[in-house]
Amino acid sequence: MADRQTTQLLDSMRRGMPFEFTTKMSMTKRLATLVCVAELFGYRYAGVRQEIFSIKLVFTPDPSPQAQARAAQYWPYAPRIPEIPQQVLELNKKRVLFDLSSKAALLKRLPIIGIALLLASLRLLGSLGDSPGLALGYVCFLAALAGLGVWINFARHKRAAAHLEAAGFVRHESSPGQVSFLPPGSLPPAQWHEPQQYGPGRQHGYAQQPYGGPQPPYPAPQPQPYAQQPQQPQPYAQQPPAQPPYVQQPPAQPPYGHQPYGGQPPQ
């Protein structure tokens, strides 16, 4: 059964419109799990933005036939979530990590890092005012630690890009400095066509992908072993009419025999 956060994600997807899903600071695995859930129910991951104390995942309806087939199978069982394949989860972890460790995302975090270093330096200078050399050493240590964090961030960014390229994802630059990876066979965001109507139980109008194109690395939807198929109500078997608790007796005979018409009266 889905948890509270996943239930909120499903409620947002029922509207059938692009949306931003806000979550608190979470691990990359948790964010990738939300992306996998959205892909199971007919949505596609369109990016992530890190705010000061929260993270926003961007989702748009996916009009591809593969996504429509998955959504048609899994929506009747919502909010039950099937088991997510480990390979798909790892790929989405790399996609989220690539976006969170990009240069644009790092530039948004630099003011926070700078303020934190400034406050830590002022506190050290206040407590070690009699030892300016020691205080300066601590400040240099904090600056080196921040530089090491930036280097680790870019190293993870490069490893995630290499992993996605090896898996067949396509590098796409929507604007200068804004780079993302698209699943194999998907169209660039500028060519996405929103479905006219979307959601469980509705008719969809979407652009078909060209035949023979590469398929995304997601498995075809499989029936879930734990989900029970809805049963059709069986008509009640017509019961035979109940027997009366007694046997109807024939009418009592008079104490004398019934004489036919025209017979002789008794003597």
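The values are calculated or read from the model by the stated rules, or taken from the named source; none is laboratory data. Keep in mind that this is a model prediction, so the values were computed, not measured. Cβ placement follows ideal geometry from the backbone for every residue including glycine, while neighbour counts extend to all protein chains displayed. Ligands, DNA and RNA are excluded from the accessible area calculation, which covers all protein heavy atoms including side chains. Shrake-Rupley method; radii C 1.70, N 1.55, O 1.52, S 1.80 Å.
Could you give the spread of the C-alpha atoms of the range 133-172 along their three principal axes, from largest to smallest, in whole angstroms?
Computed over the Cα atoms, the extents are 53, 15, 5 Å.
Among all the lysines, which ones have a C-alpha under 20 Å from LYS56's C-alpha, if same-chain residues fewer than 8 places away are not counted?
Result set, ordered by chain and number: LYS24, LYS29, LYS93, LYS94, LYS103, LYS108.
Quick check: convex hull of the Cα atoms in the range 1-152, volume per residue, rounded to a whole Å³?
128
If you average over every viewing direction, what projected area does the convex hull of the Cα atoms of the range 1-85 give, in nm²?
On the way: hull surface 21.4 nm².
Directional mean of the projected Cα hull area for the range 1-85 stands at 5.3 nm².
Using only Cα atoms, what Kirkwood radius does the range 84-164 have, in angstroms? Let's see the in-between values first.
Details: mean 1/r = 0.0676 Å⁻¹.
Radius from the Kirkwood sum: 14.8 Å.
For the range 66-113, report the translational diffusion coefficient in µm²/s to the nearest whole number, using Stokes-Einstein at 37 °C, 0.692 mPa s, and a Kirkwood Rh over Cα pairs.
My calculation gives 241 µm²/s for D.
Tell me which residues come under 5 Å, amide H to amide H, from ALA46 once H is placed; ignore anything under 5 positions away on its chain.
The list, which skips near neighbours in sequence, is VAL58, PHE59, THR60.
Accessible area per residue, 1.4 Å probe, Å², for the range 7-108: what's the number?
Here the residues of the range 7-108 average 43 Å² of exposed surface.
Return a whole-number percent for the relative contact order of the range 77-168, with Cα pairs under 8 Å and 6 or more residues apart as the contact set.
44
Among 101-111, 73-83, 168-178, 42-52, how do they line up by average Cβ neighbours within 10 Å per residue, starting with the highest?
42-52, 73-83, 101-111, 168-178
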